[in-house]
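The values are calculated or read from the model by the stated rules, or taken from the named source; none is laboratory data. The structure presented is a predicted model; accordingly, all values stated were derived computationally and were not measured. So basically every Cβ, Gly included, is an ideal-geometry build from the backbone, and we count neighbours across all protein chains shown. Just so you know, the surface numbers come from the protein's heavy atoms only, side chains and all, with ligands and any DNA or RNA stripped out. Shrake-Rupley method; radii C 1.70, N 1.55, O 1.52, S 1.80 Å.
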Amino acid sequence: MTYLRAIALLALAACGGDDAPAEALDGRWRVTWSCLSGCGLPPPTATMAPAIVVDGDAVAYEEARPTVLHHGERVGDCLLVDGAWGDTVGRGREPYDLCVVEPGHVEALIWEIGAAGAEQTKWSMSGAR
């Protein structure tokens with residue numbers, strides 16, 4: 001677990017995030033994407049998905065080609081998604097948190113790094129039922 005992830009978990013617990021039913025995150029969400037930085041780079045494969053489906057400890061990005069499936073750990077109304085390499089050819093993905101921020105609304109920030117760690121692109125995802 002990274003230092004920043006540990007701080008995020010402590011903040012989530014302090015805000016009562018663990019009290020929300022985990023089932024609130026499960027299901028299909030229509031999503032929109034916004035590039036926050038590194039917008040001149042090719043977008044991550046996941047950003048091609050118009051919807052996501054959360055089921056337990058996994059999130060599937062619908063219609064993304066190749067198929068994108070991320071796994072993580074459920075904590076309250078969040079899925080803490082593990083980092084990985086290769087969702088987008090030649091780039092890695094930092095761990096990210098997919099959370100219900102209010103009833104019927106989810107958000108996440110996804111940050112990808114290049115092979116040398118220098119090239120970076122950061123995307124915001126917002127979803128509704």
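Go through the stretch 87-110 and report how many residues are under 9 Å from the mean Cα position of the chain (by Cα), open to solvent by 30 Å² or more (accessible area, probe 1.4 Å) and not acidic (D, E).
Quick first cut of the stretch 87-110, residues under 9 Å from the mean Cα position of the chain (by Cα) only: 95-99, 107-110.
This time we only want the ones that are open to solvent by 30 Å² or more (accessible area, probe 1.4 Å), so: 95, 97, 107, 109.
Checking which are not acidic (D, E) leaves us with 95, 109.
Within the stretch 87-110, residues that are under 9 Å from the mean Cα position of the chain (by Cα), open to solvent by 30 Å² or more (accessible area, probe 1.4 Å) and not acidic (D, E) number 2.
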| query | Which condition number does S34 fail, the rest of (1) of a type in the set (G, A, S); (2) at pLDDT below 95; (3) over 12 Å from the mean Cα position of the chain (by Cα) being met? | reply | (2)
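Yes or no: V81 free of Cβ contacts under 8 Å to residues at least 60 places away in the same chain, within 18 Å of K122 (Cβ to Cβ) and open to solvent by less than 40 Å² (accessible area, probe 1.4 Å)?
Details: free of Cβ contacts under 8 Å to residues at least 60 places away in the same chain: yes; within 18 Å of K122 (Cβ to Cβ): yes; open to solvent by less than 40 Å² (accessible area, probe 1.4 Å): yes.
It is true that V81 is free of Cβ contacts under 8 Å to residues at least 60 places away in the same chain, within 18 Å of K122 (Cβ to Cβ) and open to solvent by less than 40 Å² (accessible area, probe 1.4 Å).
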| note | From the option list A46, A64, A60, A84, single residue qualifying as closer than 26 Å to A24 by Cβ and touching a helix residue (DSSP H, G or I) at 6+ places or on another chain (Cβ under 7 Å) is A64
| remark: Here the residues within the stretch 46-74 that are closer than 17 Å to H105 by Cα and β-branched (V, I, T) are I52, V53, V54, V59
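Results for (1) surrounded by 16 or more Cβ atoms within 10 Å (Cβ to Cβ); (2) within 18 Å of G127 (Cβ to Cβ); (3) in contact with a Ser or Thr (Cβ under 7 Å, 6 or more places away or on another chain); (4) hydrophobic (A, V, I, L, M, F, W, C), shown as yes or no for each residue.
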| site | (1), (2), (3), (4) |
| --- | --- |
| A24 | no, yes, no, yes |
| V31 | yes, yes, yes, yes |
| T47 | yes, yes, no, no |
| A51 | no, yes, no, yes |
| A58 | no, yes, no, yes |
| V68 | yes, yes, yes, yes |
| W85 | no, no, no, yes |
